[in-house]
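Below is one structure; the comments refer to it alone.
What follows draws every value from the coordinates through simple rules; no lab data is involved. Everything numeric in this text was worked out from a predicted model, so none of it was measured. For neighbour counting, all protein chains shown are included, and Cβ atoms are generated from backbone atoms with ideal geometry for every residue, glycine included.
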Amino acid sequence: MIVVKNVRILGGEPADLRIDQGVIAEIGQGLSGGEEIDGGGAVALPGLVDLHTHLREPGREDAETVQTGTRSAARGGYTAVHAMANTSPVADTAGVVEQVWRLGREFGHCDVHPVGAVTVGLEGRQLAELGAMADSAARVRVFSDDGRCVDDAVLMRRALEYVKAFDGVVAQHAQEPRLTQGAQMNEGVVSGRLGLTGWPAVAEEAIIARDCLLAAHVGSRLHVCHVSTAGSVEILRWAKSKGWDVTAEVTPHHLLLTDDLVEDSPVGAYNPIYKVNPPLRTRADVEALRAALADGTIDIVATDHAPHPVEDKETEWSAAAMGMVGLETALSVVQESMVETGLLDWAGVAQRMSVVPARIGRLTGQGQPLEEGAPANITLYDPSARTVVDPSAFASKSRNTPYEGMTLPGRVVATFLRGRPTVLEGKLV
Amino acid sequence: MKRHLISAGDLTKDDALLILDTAEELARVSERSIKKLPTLRGRTVVNLFFEDSTRTRISFEAAAKRLSADVINFSAKGSSVSKGESLKDTALTLEAMGADAVVIRHGSSGAPHRLANWVHGSVVNAGDGTHEHPTQALLDAFSMRRRLGGLEGRRITVVGDILHSRVARSNVLLLHTLGAEVTLVAPPTLLPVSVGDWPCEVSYDLDAVLPKSDVVMMLRVQKERMNAAYFPSEREYSRRYGLDRDRFAKMPDDAIVMHPGPMNRGMEIAAEVADSARSTIVEQVANGVTIRMAVLYLLLGGETA
């Protein structure tokens, strides 16, 4: 039994929590008994759930493993992550998803829910055995070819239809491939000056529009990964106004960073630390994404945690890998971009980083409100802290963060997974 | 002047004029029978070429040698680079050899910026991807100034594949700095979507612009652009944007024609135009050596020599 003293549930009035046998047994004042932990007035949130994490195992264990990635997740306040399918071999069979799921259980830093590939080998030609993955021990409900777009309209339609049989969802990486051949960064003023091949907003928006129409036509649910443009927001707003079952995510980095960092930043021009897919966009896009996350047009924040070894980033721009790590800075970036700006309160953050992502992933024991009888998946967060981001202190195996040296608000104090602390006093247990 | 020459935008008007004036002085050396100056004796200049460009490399090599620098040519083909060595490791190798300047040509935009993080010597951009080629812009400005006198208020028209042209980017920046009025002419597919923010005018109509031009600079059109559907056919491109005899006749009598080379004769420029007395194409090559001497002299020579 653990008693956590003096926490503020969703930023409310101070209270104590008694945790017993993996559930929140009691919420009240002046609780005592068992092991006591001083919450120090931290904000208590339901354990965070990431719908979009790259754990890299199997295949790229030099960048991240299930063990290091889930330690990183716990440090960031997460109690569940969805592990993307673009591993080597690809998570397109029951065997691979079960392997990843078992590794997650074995290490126990947070729950690992594998995402299944939509198509065999992410090749976009033939549906993977979605049903086998859904029926496996990993109980896959989210399917994605993330990193690649399911650009064939017929294949996308079939995938959307097929997953209805087991209440699955297709999470689309919206990127029209022909419009983005060789694309290096957002197509706009900066790409024109820098002579880097542009990744036009329309390449994302056209796919989102098509997929919303397809999802409506076949009566299935669609999830849109890492929305990055103001135009995408408009399309999603329209789709939701029709009552269609469409959800969307935004990454922390698209809520904070802009494409002009590629030209002018403290780490020099053309530094691939800012190379990510979809690319960083403009200030106007950032503002639209923030507003959309605040008003619910975009449902959730997902990290797209994408670890890469140093040598894949210490190169010329075009040779560098795309992606940023994000698990350990996500909550701080959301505080900076959404809470400090008055766009969200902590209840709103809990919805967008725990409750709704768990619902989209059809997770039953995660994303539950912090009340008596609920599973004790809890994140304690001190929003008054200020931290200079130091990648060498990350639990992730990789260091490719765009926030190095930046001062960000907030600090994850503790994380509890079904009543068991995975992080205490900011350190892994 | 900054320690590196990576973008034409790094140069102030004073910097640019200093380079052009220095080149003017150095041009006199090139006219002597013994073309060598002792200025950079004992300094090492590395030509680091990841793309084949014999013209640019020998131009830099001649420039460095005329200033008595030691020159090391490092071609990526057949070197450790082709075996997978990273740009960073190549840079550290050059650094260990004590390179005072690294002249880099690279297929990836921004490679010279990255290189500058890893070497102490001066980095000179000899063309990076579709980004910039500042010494080309300087030699173009030098060639124009020699023919026209000054550049202030002069009307310069640049025609061709602006989207992929490092020459165009550097020229727009430098000519703007020097007070010239630049107009870009291209099919809309070969202009960046954001070209409206550049410090220049844009037109799709070459015939309308020609009579108002003091200089017409034709850019090479790469064959591979045609396969990517930037324009329907070579012939159509040539008809709409090529500088043939009829169009040449529409230019003012004292206007000049430039081309950074290598040319597609009969495609973007007719042979008669390229070979006319008002073409500076051959001068541009000679001026290239002179301007690169001036750049190396100012980056490496000066007070620390």
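Miscellaneous remarks
- Our estimate of slack between B:ALA228 and B:ILE72, defined as 0.36 nm per intervening residue step minus the Cα-Cα distance, is 52.4 nm.
- Calculated on the alpha-carbon coordinates, the convex hull of the protein assembly as shown measures out at 167 cubic angstrom per residue.
- Counting only other chain Cβ atoms within 10 Å of each residue's Cβ, the peptide A:183-191 averages 3.
- Inter-centroid distance (Cα atoms) of segment A:398-429 relative to segment A:1-38, Å: 20 Å
- Evaluated on segment B:166-208, the Kirkwood hydrodynamic radius is 10.8 Å, with distances taken between all distinct Cα atoms.
- Bridgeable lysines around B:LYS35 (alpha carbons under 25 Å apart, same-chain partners fewer than 8 residues away excluded): B:LYS65.
- A straight line joining the Cα centroids of segment A:59-101 and segment A:363-385 runs 22 Å.
- Nearest-ten-degree value, helix B:166-177 long axis tilted from longest Cα axis of chain B: 90 degrees
- Cα-based equivalent ellipsoid of chain A: semi-axis lengths in Å, sorted from largest, via gyration tensor: 32, 25, 21
- Exposure proxy order (Cβ contacts within 10 Å, fewest to most) of A:CYS110, A:CYS149: A:CYS149, A:CYS110
- Inter-centroid distance (Cα atoms) of segment B:86-152 relative to segment B:157-210, Å: 22 Å
- Segment B:TYR204-B:ILE34, extension gain: residue separation times 0.36 nm, minus the distance between their alpha carbons: 56.4 nm
- Neighbour-count order for B:SER53, A:SER318, fewest beta carbons within 10 angstrom listed first: B:SER53, A:SER318
- Extended-chain gain in nm, criterion 0.36 nm per residue less alpha-carbon gap, B:GLU85 and B:ARG147: 17.8 nm
- Normalised radius of gyration (Cα atoms, divided by 2.2 N^0.38 Å) for segment B:134-280: 0.95.
- Value of Rg to Rh for segment A:1-78 (Rh from inverse mean 1/r over Cα pairs, i.e. Kirkwood): 1.14
- For the set B:LYS88/B:LYS223; B:LYS2/B:LYS88; A:LYS275/B:LYS88; A:LYS164/A:LYS313, the pairs lying more than 28 angstrom apart at their alpha carbons are B:LYS88/B:LYS223; A:LYS164/A:LYS313.
- Peptide A:155-168 - average C-beta neighbours from other chains (10 Å radius): 0
- Here B:LYS212 is the anchor, and the lysines within straight C-alpha reach of less than 16 Å, apart from those fewer than 8 places off in the same chain, are B:LYS250.
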